[in-house]
Protein chains: 2
Amino acid sequence: MSSSDRFIEIMGLMFQDGGDPRIAGRIFGLLIIEGRELSLQQISERLGVSRASVSTNARQLAKRGAIRLTAHAGDRQDFYELNNFPSVDVLGEMAERMTRQAQAVREFIEPIRQENEPAAERVEDLSRAFGHAAEVLGDWATKLRNDQTNQRGHE
Amino acid sequence: MSSSDRFIEIMGLMFQDGGDPRIAGRIFGLLIIEGRELSLQQISERLGVSRASVSTNARQLAKRGAIRLTAHAGDRQDFYELNNFPSVDVLGEMAERMTRQAQAVREFIEPIRQENEPAAERVEDLSRAFGHAAEVLGDWATKLRNDQTNQRGHE
DNA sequence: TAGTTCGTTCAGTAGGTACTGAACGAACTG
DNA sequence: CAGTTCGTTCAGTACCTACTGAACGAACTA
């Protein structure tokens, strides 16, 4: 088993550790190793998993911004490849999630204030923490994008 | 069902959504609402779950820094309460995890370079991304801690 | 000593996902 | 038209983990 294969498995375990499907991590790892677009079929064969799983998980990864779907005229196949700056897109997704959570928590502040004033203060703190997290993540993503754009521009 | 109870359930679902046990989120939510220390037994009764589950999940939350274990002379019970700055500790934990991941990935760079030079570059990028993430999270935690310490100090 | 009250551990279970295989629609070819 | 090759969907399964209940050790009391 090559180091590349082991790396792919490690990525699977990292994803699993974070509560995501192992296959998603393997797809991500494979696309890092290959560095080029692969068809859904190729991914399926290379990883030894069903096309159904690849379809589901690759779309999930694309939604998160880690990889992207590509297409070619005259070819019905879906290709997937590593996004240019996967970390940027993943951070953006995390920021959105934090925003949603901040909003969800915020809706409880006033109702809880009717029942328990000090508790409402703590809930408000939590909502602010989520909001702040969203902000920091968003800024970070922006900074990363600029850094990487400049770096590439100098090549 | 009160707004506080609904809030506790929402926290459970948020944790579940993030890949953590629902009970952990409920404990966290309960301690936010109560704003004081509760014994393991009290948490168990209030949430309607076994002491075993509370034991396991509360220790997990304490390990992550979201809550903390407290004790009193002459009382064998374990009490848990919200940490002063839960977000700070949670960020610190995340930073540590990123550091571990950066390290785990870094170990693959050279072996992969032997097999596939360009792939090694991409793996190195990933390792740097994790390392950078750890750094940003650490800085953020430090900044938060200072902000909050100052804020409290002025009260 | 025996009995109580803690928290923890662990085997077992229930519930929920990850994954598969089969069926399907769409887009194409001959 | 039938046949092929795509991707997706969905029912079924296999697995995994969250949770429980029981058993246990520790620390205490009587």
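A probe of 1.4 angstrom, applied to the heavy atoms of all protein chains, finds residue B:55 with accessible area near 40 square angstrom.
Projecting the Cα atoms of A:84, A:18, A:43 onto the dipole axis of chain A, where Lys and Arg carry +1 and Asp and Glu carry -1 at the beta carbon, places A:43 farthest toward the positive end. A simple charge model with +1 on the Cβ of Lys and Arg, -1 on the Cβ of Asp and Glu and nothing else charged puts the dipole of the protein assembly as shown at about 460 debye relative to its Cα centre.
For residue B:70, the residues whose amide H sits under 5 Å from its own are B:79, B:80, B:81, ignoring neighbours fewer than 5 places away on the same chain, with H placed 1.01 Å from N.
Shortest first, residue B:114 label-point distances to identical copies amount to 6.8 nm, with the label point at 7 Å from Cα along Cα→Cβ.
Placing B:72, B:132 in order of accessible area, with the largest value first and a 1.4 Å probe, yields B:72, B:132. For a straight C-alpha distance cut-off of 26 angstrom, the lysines reachable from residue A:63 (same-chain residues fewer than eight places away being disregarded) are A:143.
Between residue A:51 and residue A:128, the modelled labels are 5.5 nm apart [label points 7 Å from Cα along Cα→Cβ]. Along its three principal directions, the equivalent ellipsoid of the protein assembly as shown from the Cα gyration tensor extends over semi-axes of 40, 21, 20 Å, largest first. Kindly provide log₁₀ I(q)/I(0) values, in the same order as q = 0.13 Å⁻¹, from the Debye equation applied to equal alpha-carbon scatterers of segment B:3-82. Listed by q, the Debye log ratios stand at -0.34. Rounded to the nearest 10 Å², what accessible area does residue B:126 have for a 1.4 Å probe in the complete protein model? Taking all protein chains as shown, residue B:126 has close to 30 Å². For chain A, the Kirkwood estimate of the hydrodynamic radius, built from every pair of different alpha carbons, is 17.9 Å.
Here the Karplus curve 6.51 cos²θ - 1.76 cosθ + 1.60, taken at θ = phi - 60°, turns the phi angles of segment A:57-69 into couplings of 6, 5, 5, 4, 5, 5, 4, 7, x, 6, 10, 9, 7 Hz, with x standing for Gly and Pro.
Across segment A:3-82, Cα pairs under 8 Å and at least six residues apart give a relative contact order of 27 percent.
Each Cα pair under 8 Å and six or more residues apart adds its sequence gap; the mean of these over the residue count of segment B:86-153 is a relative contact order of 45 percent.
Residues in segment B:12-21 carry Karplus couplings, in order, of x, 5, 5, 4, 4, 4, x, x, 10, x Hz; the curve used is 6.51 cos²θ - 1.76 cosθ + 1.60 with θ = phi - 60°, and Gly or Pro positions show x. The chain B residue nearest the rotation axis shared with chain A, using its Cβ and rounding the distance to whole Å, is B:19, 1.
Rounded to the nearest 20, the Cβ-based charge dipole of chain A about its Cα centre (Lys and Arg +1, Asp and Glu -1) stands at 480 debye. Couplings for segment B:110-122, taken from phi via the Karplus curve 6.51 cos²θ - 1.76 cosθ + 1.60 with θ = phi - 60°, read 5, x, 5, 4, 5, 9, 6, 3, x, 4, 4, 4, 5 Hz in order; Gly and Pro are left as x.
Note on residue A:150 and residue A:36: their simple-model spin labels are 3.3 nm apart, each label 7 Å out from Cα toward Cβ.
The values are calculated or read from the model by the stated rules, or taken from the named source; none is laboratory data. Note that the coordinates shown come from a computational prediction; the quantities given were computed from them, not determined experimentally. Don't worry about glycine lacking a Cβ; one is built from the backbone with ideal geometry, like all the others, and counts go over all protein chains shown. Each accessible area value is taken on the protein alone, full model and side chains, heavy atoms only, with ligands, DNA and RNA left out. Shrake-Rupley method; radii C 1.70, N 1.55, O 1.52, S 1.80 Å.
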